[in-house]
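K.L.:
Attaching a single structure in C-alpha cells format; questions to follow.
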C-alpha cells in the first residue's frame, strides 16, 4: 500500500452498506426529514438522534418502506410498549402499511412491528432490516438482552436506531449504538477516544486531541438534530412552546424514627425512607393542584404505594402498574392517547419512552428519582414539537428528601450544555454528510529551519525522510511514539494515533524502510522504549506488551541486525506515584500479590545495518601521552576502564532521570500527557559511542530537540523531524541554544 493510501485508511470511516435513492420520497415529509432518510438509506446502518417531535416515526417508516422496496426483504421495527399501535396509526397517515406482530408466525411481507419484550419470539435472521424505535431504551434492559440484540443483528446490512438526542454525558449509550450499527464496538470506542480521570473507571471524558476526530467519526454513522436549523433548514413550525417548571417543596410534620427534629436526607437509603413516609402529604398536595381541572394530566411516580394512593384520591384517574399484563398497560396508554382517560398515573420506566402525548400539557411529579433521563423523557412526552399549549410541570418533593431536586437541576443544566455542544460540534459535518461528503485528510504543509549545524523539519518523518540521499546518515537515536491514541495530536500522520497495536507497526514499518535506506553500511540506529501496559478497555486484558521485542522484530524484518540492548533503571516509587498503576501499589501486595509486578525500566535498543563501516568510530586516545612508560596512560584514553565498565554494563544504574531539556513551553492544553524527553545522559552515551565528530545524527521524532542539542554539543551535525508544531518551535529554540564544540588537538582527551 502506498503511504498516502495507508494514511487515508487510518481515517475512521464507516463502510456504507446501503444504496443511493434517486426517486421521490413521501411528500408528507419535510425537506430536512427527506434528506435524513436519503442519508440513512445510503449508510445502510445509521442512527437518527432527533429531538422529540421532529418526526422520527415518519422517517423510520419511510426508510423501512424504501429498504423493503429495494431488497424485497422483510423489516422488523422494535418499539416500546404501546408505541407499536401508535406507529401503526402513523403508518396509515403516511400511506405505509405496518403489520403488528406478536411472534414470527404473525410476520407478513413488508414492514412488521413488535415490542422489545417479545424479541425472543422472533427469528431476527429472517429480516433484511431491523429498526430500533426509542433505541436509548436499551439501557433499561439487561446486558444479556443488549448483547443478544447486537449479536443477532451483526450481519444485517440495514439497521436503523432512532431516539431523541441521547444523553450526552452517557458515552456508554453512544457505544451501544455504535456497536449495534457495526461502526465500532463500545470497548474500541472508549479505548480510542476516551480516558479515565483519577483512576475512576466509571467516568470517561474525551481526550483533548480526540474531540474533532470523535465528532467526525460520529457523523459517519449518526445524525443529531434538535431543530431543523441545526442542519441548515428553516425551523418553520418546529418551535417548542413555553414550559413552566413549578417546584413545590412541602413541609411535613413527619420526622425520622427516633429523631426529635426533621432534617434533609443525606443518603439514598434515607431519601427512600423519607419518600415512603411522606406519600400521603405529597399525594394530597397533587390532588389540591389538580382540583376540579378537567384537562388531561400525567402524574409520574416511582413507588407502587404512591400510585395506589393517588389513584384512590384523584377523580377520573387510572394507574398503570408494572404488575399489569402488557396488554393492559398498552390498552391504558392508548386510552390516554385517545382522550378516553383524563388523568393517567404511572412510572417513567413504564410509559416514559416513545408516546406522543401533545394533547396533554399538565404534568406532575410526585417526587423524583436521581435519574435525569427518566425525568427528561417523562417531560418530553408532552413538551415536544407539535404541542400548542404552555406546558406546566409540577415537581412535588418533601423537605425531608434533601438534595434530589438540586441534583436533577444540576444534571439538567449539564445535559443541556453538553447536548448543545454535541450539536454544535457536529453541525457543519452533518450538513455536508447528508449531501454525501465525508472527512478527508487535513492539509499537509511542512516547515523547515536550516543552519550550518542542523536541519529541523516540522512534518511527517515518513514523508520528509525521502528528501535525503541514500546512505547519508551516520547514526540515528530517538524515542518512537508508544501507540497511545490522541495523546499529543489528532493527525493521521501521528503514529501514536493508531487504532490498535498492529496498525502502529504497519505505520512504523514505512519509517524503518527509510531509515535503512538512509543509514550508512555498518552504522547504527538506537531507539529508546519501554514495555507498554495492556489495558482492559483497549487490549482485552491487563498485563504488559513486549514493545522492545516487537520493535526489534520489525527492524529485523527490513534487514537490520540486532546489535545490543541496555536496561535503564528507574525508581518504581516514582512510577507508582505518577501512573497509579495497580500492580505497583502496596495495598495490592497486601490484598492479592498475584497482580503485583515490578516497575517498568527504560531500554536503549541498538540495531545495525549490514555491511562494513568504512569510517571507523575511534574512541581511543586523541593523542598518546607517555610519562616514561612503554604503554599509554589512562589519561591518554577517551574512556577510562572504570567509565567503560559502566557503559558496557547491561544495566545503566547512573542515568539522571531529571537531566532533560525544559519541556514546559512545548505542552499544549489538549495534550493528555506531559512530554517525556529522552534523558541527555542516554543521548550523550549513544552519540559518543556510535558516531564520530562531524558525523550526521538523525532523529525522526525530534520532540523538543534533545537529540539535536546533544549532537551539536558533541560536534556532530543534526537532522530532525517533528510532526507537532509546538514541539518543533521549542526544538528550534533548543537547537539554537546548543553549545557548539570547538575541535582542537586536545579536545578528545579527558
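K.L.:
Would you check if residue 97 is under 26 Å from residue 384 (Cα atoms), surrounded by fewer than 20 Cβ atoms within 10 Å (Cβ to Cβ) and at pLDDT 95 or above?
P.N.:
yes
K.L.:
Okay, moving on. Taking the options 285, 263, 238, name whichever one is closer than 24 Å to residue 376 by Cβ, in contact with a helix residue (DSSP H, G or I) (Cβ under 8 Å, 6 or more places away or on another chain) and either modelled with pLDDT of 85 or more or loosely packed, with under 15 Cβ neighbours inside 10 Å (or both).
P.N.:
Values: 285 fails: in contact with a helix residue (DSSP H, G or I) (Cβ under 8 Å, 6 or more places away or on another chain); 263 fails: closer than 24 Å to residue 376 by Cβ.
Matching residue, one of 285, 263, 238: 238.
K.L.:
Looking at segment 561-581, which of the residues that are in a helix (DSSP H, G or I) and surrounded by fewer than 14 Cβ atoms within 10 Å (Cβ to Cβ) is modelled with the lowest pLDDT?
P.N.:
578
K.L.:
Residue under question is residue 481, and the condition is that it be out of contact with any strand residue (DSSP E or B) (no Cβ under 6 Å at 6 or more places or on another chain), under 30 Å from residue 21 (Cα atoms), crowded, with 17+ Cβ neighbours inside 10 Å and modelled with pLDDT under 95; does it hold?
P.N.:
No, not satisfied.
Matching residues to (1) part of a loop (DSSP other than H, G, I, E, B); (2) buried (at least 20 other Cβ atoms within 10 Å of the Cβ); (3) assigned by TED's automatic domain parsing to the domain that holds residue 164:
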{"position": "353", "(1), (2), (3)": "yes, yes, no"}
{"position": "357", "(1), (2), (3)": "yes, yes, no"}
{"position": "364", "(1), (2), (3)": "no, yes, no"}
{"position": "368", "(1), (2), (3)": "yes, yes, no"}
{"position": "376", "(1), (2), (3)": "no, yes, no"}
{"position": "383", "(1), (2), (3)": "yes, yes, no"}
{"position": "386", "(1), (2), (3)": "yes, no, no"}
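K.L.:
Taking segment 323-343, which residues are in contact with a helix residue (DSSP H, G or I) (Cβ under 6 Å, 6 or more places away or on another chain) and either in a loop (DSSP other than H, G, I, E, B) or within 18 Å of residue 305 (Cβ to Cβ) (or both)?
P.N.:
341
K.L.:
Let me ask something else. Of the numbered conditions (1) assigned to a loop (DSSP other than H, G, I, E, B); (2) within 20 Å of residue 133 (Cβ to Cβ), residue 315 satisfies every one except a single condition; which is it?
P.N.:
Unmet condition: (2).
K.L.:
What's the number of the condition residue 584 fails, among (1) under 21 Å from residue 687 (Cα atoms); (2) buried (at least 19 other Cβ atoms within 10 Å of the Cβ)?
P.N.:
(1)
K.L.:
Identify, from the list 520, 513, the residue that is touching a residue at least 24 places away in the same chain (Cβ under 8 Å), assigned by TED's automatic domain parsing to the domain that holds residue 681, more than 37 Å from the chain's Cα centre (by Cα) and not in a loop (DSSP other than H, G, I, E, B).
P.N.:
Values: 513 fails: more than 37 Å from the chain's Cα centre (by Cα).
Answer to the selection: 520.
K.L.:
Look at residue 32 and say whether it is in a helix (DSSP H, G or I) and either under 16 Å from residue 431 (Cβ atoms) or touching a residue at least 60 places away in the same chain (Cβ under 8 Å) (or both).
P.N.:
Judged against the criteria, residue 32 is a match.
K.L.:
I would also like to ask the following. For segment 57-75, which positions are out of contact with any helix residue (DSSP H, G or I) (no Cβ under 6 Å at 6 or more places or on another chain) and buried (at least 24 other Cβ atoms within 10 Å of the Cβ)?
P.N.:
Residues satisfying the conditions are 60, 64, 67.
The values are calculated or read from the model by the stated rules, or taken from the named source; none is laboratory data. As the structure is a prediction and not an experimental result, all values here were calculated from the model. Cβ atoms come from the backbone with ideal geometry, glycine included; neighbour counts cover every protein chain shown.
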